[in-house]
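J.: Sending over a structure as structure tokens; questions will come in a sec.
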Amino acid sequence: MNWQLVKLSLVFAMLGVLAVGGGTAVLPEMQHATVHWFNLTDKQFRDIYSIGQVAPGPNMLMVLVIGYRLAGALGALVVGFAFFVPDCILTLAANRLWIRFAGSPWRVSVQQGLAPVAIGLMFAGTYSIARLSLFHVTNQTPDFVAIAIAAVVTAILLWRHINPGILVLLGGAVYVLFTH
Amino acid sequence: MDPVTTPPSTKSSTSTAKTVSLSEIFKVFFMAGAISFGGGVVAYLREYLVRGSGWLSDEDFMSALEVSETLPGLNSVNIAVITGDDLRRIPGAIVAVLGLMLPGTVIVMAFGILWNQSRQNPLVGHFLLGIAAAAAGLLLVVSLQLGKQQLSKLPDLLIVIVTFLAVSVFKISLAWVLLGIGTLSIWLYRPHPSRPARFERLLHPRHTHYRH
């Protein structure tokens, strides 16, 4: 149990610090780590991701539920600290350094160089969630109701800006309607 | 003239102009953290910090966002750290982050505990599955919109594709991807080597008098 907490804190500290491009960028690695190194299932990971979607604030607060599922209330606390605290300290230090380098040519290089990497990582995160939700987890066959929901949400959001929170909740309701 | 030795502009403009109390900082970030359902925390922060409290100019906010996007970690949390630090140094950063995360923490944990008790219920499972499917569509649109610039420029598009393939197809771990592709990409965008003086200064920052 204690070893589990140490392992959790190390893994999530690493995930928080590696999240270049935000939370979505780190989803593939988080899924891999929690499913292969801990006993979370793909379905549980997907469920917990969805819970993060319907709570206010940063979606990545979902990591608290991962900690809770794997090691109870203490697990939630440990994962929360590990994921957010080292990253906040790094941001604080890096931002002060960043201000010092204001106008230096390397600052622009880092920004321009990391931007396409961050976008690539976001697409990879999108792919992970699509993989988990648009195909049945058990036999990998396409789930046509889920695919239709994703396609309609994509089309609506490309067409105009609607509060995505509403669309996401509607997605859940529509899926329940079509499968019950 | 030397850009490295000029004093930081954002800090001097915000922290000397007015002092904001820690409880005010907490309140503003708490509001943004409580109301931002369905993601888009950054948009709410902009609303509260620029239009609501007037602590930041739109320019300040965009530059904080730019830094937040390059630094690891969640953009909204990074903005809280940077803005809090600008307003009231480290205590400001701490209350900003706590305020932003507190409402979501309470609600996500409440949902998490309920889910943990009822996760065998097919109704709950299907509702969450529908949410994930909708979120996949949302993530696709967000990635396309944020990446508009990168996707329409050839060297960048290649880096986007290589990064995606490395993670999603070849399952290379994130640390290696960042170290390899990230470093390569920064090197591709390295400063034009026609200004050796600047390089020298960056490699040896102790020669500048801006240090503590």
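J.: I'd like to check something: does segment B:107-116 contain any residue that is farther than 27 Å from B:V141 by Cα, out of contact with any strand residue (DSSP E or B) (no Cβ under 6 Å at 6 or more places or on another chain), touching a residue at least 40 places away in the same chain (Cβ under 8 Å) and of a type in the set (A, V, I, L, M, F, W, C)?
T.: Checked against the condition, which is being farther than 27 Å from B:V141 by Cα, out of contact with any strand residue (DSSP E or B) (no Cβ under 6 Å at 6 or more places or on another chain), touching a residue at least 40 places away in the same chain (Cβ under 8 Å) and of a type in the set (A, V, I, L, M, F, W, C), segment B:107-116 yields no hits at all.
J.: Go through the residues of segment A:113-128 one by one and say whether even a single one is under 26 Å from A:A55 (Cβ atoms), touching a His at 6+ places or on another chain (Cβ under 8 Å) and surrounded by 15 or more Cβ atoms within 10 Å (Cβ to Cβ). Give the steps one after another, and end with the answer.
T.: Step one: filter segment A:113-128 for residues under 26 Å from A:A55 (Cβ atoms), giving A:118-119, A:121-128.
Imposing the further condition that a residue be touching a His at 6+ places or on another chain (Cβ under 8 Å) reduces the set to none.
No, every residue in segment A:113-128 fails to be under 26 Å from A:A55 (Cβ atoms), touching a His at 6+ places or on another chain (Cβ under 8 Å) and surrounded by 15 or more Cβ atoms within 10 Å (Cβ to Cβ).
J.: Identify, please: which residue in segment A:14-50 is more than 11 Å from the chain's Cα centre (by Cα) and facing chain B (nearest Cβ under 7 Å) and is, among those, modelled with the lowest pLDDT?
T.: So the residue we want is A:V20.
J.: Filter segment B:114-136 for residues that are hydrophobic (A, V, I, L, M, F, W, C) and more than 7 Å from chain A (Cβ to nearest Cβ); which is nearest to A:V145 (Cα to Cα)? First the steps, then the outcome.
T.: Let us first name the residues in segment B:114-136 that are hydrophobic (A, V, I, L, M, F, W, C), namely B:114-115, B:123-124, B:127-129, B:131-136.
Filter once more, keeping what is more than 7 Å from chain A (Cβ to nearest Cβ): B:114, B:124.
Values: B:L114: 26, B:V124: 16 Å.
Residue satisfying both the conditions and the ranking: B:V124.
J.: Let me ask something else about it. Given the criteria facing chain A (nearest Cβ under 9 Å) and modelled with pLDDT of 95 or more, does B:G99 qualify? Don't jump to the end; show me each part of the working.
T.: On the way: facing chain A (nearest Cβ under 9 Å): no; modelled with pLDDT of 95 or more: yes.
Answer is no for this residue.
J.: Against the condition assigned to a helix (DSSP H, G or I) and more than 7 Å from every other protein chain (Cβ to nearest Cβ), how does B:I94 come out, does it pass? I'd like the intermediate steps shown before the answer.
T.: Details: assigned to a helix (DSSP H, G or I): yes; more than 7 Å from every other protein chain (Cβ to nearest Cβ): yes.
When the stated conditions are applied, B:I94 passes them.
J.: Report, by residue number, each residue of segment A:67-85 that is over 17 Å from the mean Cα position of the chain (by Cα) and of a type outside the set (A, V, I, L, M, F, W, C).
T.: Those that are over 17 Å from the mean Cα position of the chain (by Cα) and of a type outside the set (A, V, I, L, M, F, W, C): A:G72, A:G75.
J.: Separate question: Which one is surrounded by the fewest Cβ atoms within 10 Å (Cβ to Cβ) among residues in segment B:101-133 that are aliphatic (A, V, I, L, M) and under 17 Å from A:G80 (Cβ atoms)?
T.: Of all residues in segment B:101-133, those aliphatic (A, V, I, L, M) come to B:101-102, B:106-110, B:113-114, B:123-124, B:128-129, B:131-133.
Next, from what is left, pick out any that are under 17 Å from A:G80 (Cβ atoms): B:101-102, B:106-110, B:113.
Values: B:M101: 25, B:L102: 16, B:V106: 15, B:I107: 18, B:V108: 28, B:M109: 20, B:A110: 12, B:I113: 14.
Restricting to residues being aliphatic (A, V, I, L, M) and under 17 Å from A:G80 (Cβ atoms), the top hit is B:A110.
J.: Shifting gears a bit: So which residues in segment A:91-139 are facing chain B (nearest Cβ under 7 Å), of a type in the set (V, I, T) and more than 22 Å from the chain's Cα centre (by Cα), if there are any at all?
T.: The answer is A:I99, A:V110.
J.: What number of residues in segment B:46-59 are touching a residue at least 40 places away in the same chain (Cβ under 8 Å) and either at positive phi or in contact with a Ser or Thr (Cβ under 6 Å, 6 or more places away or on another chain) (or both)?
T.: 0
J.: Given the condition more than 23 Å from the chain's Cα centre (by Cα) and part of a helix (DSSP H, G or I), answer yes or no: does some residue in segment B:135-147 qualify?
T.: Among the residues of segment B:135-147, not one is more than 23 Å from the chain's Cα centre (by Cα) and part of a helix (DSSP H, G or I), which makes the answer no.
J.: What number of residues within segment A:152-165 satisfy the criterion of being more than 7 Å from chain B (Cβ to nearest Cβ) and assigned to a helix (DSSP H, G or I)?
T.: Initially, segment A:152-165 is screened for residues more than 7 Å from chain B (Cβ to nearest Cβ), giving A:152, A:155-156, A:159-162.
After this cut, where a residue has to be assigned to a helix (DSSP H, G or I) as well, the list is A:152, A:155-156, A:159.
Count: 4.
J.: Here is a follow-up. Does A:G171 qualify as being assigned to a helix (DSSP H, G or I) and within 7 Å of another protein chain (Cβ to nearest Cβ)?
T.: Values: assigned to a helix (DSSP H, G or I): yes; within 7 Å of another protein chain (Cβ to nearest Cβ): yes.
Judged against the criteria, A:G171 is a match.
The values are calculated or read from the model by the stated rules, or taken from the named source; none is laboratory data. The structure presented is a predicted model; accordingly, all values stated were derived computationally and were not measured. Positions of Cβ are backbone-derived with ideal geometry, glycine not excepted, and every protein chain shown enters the neighbour counts.
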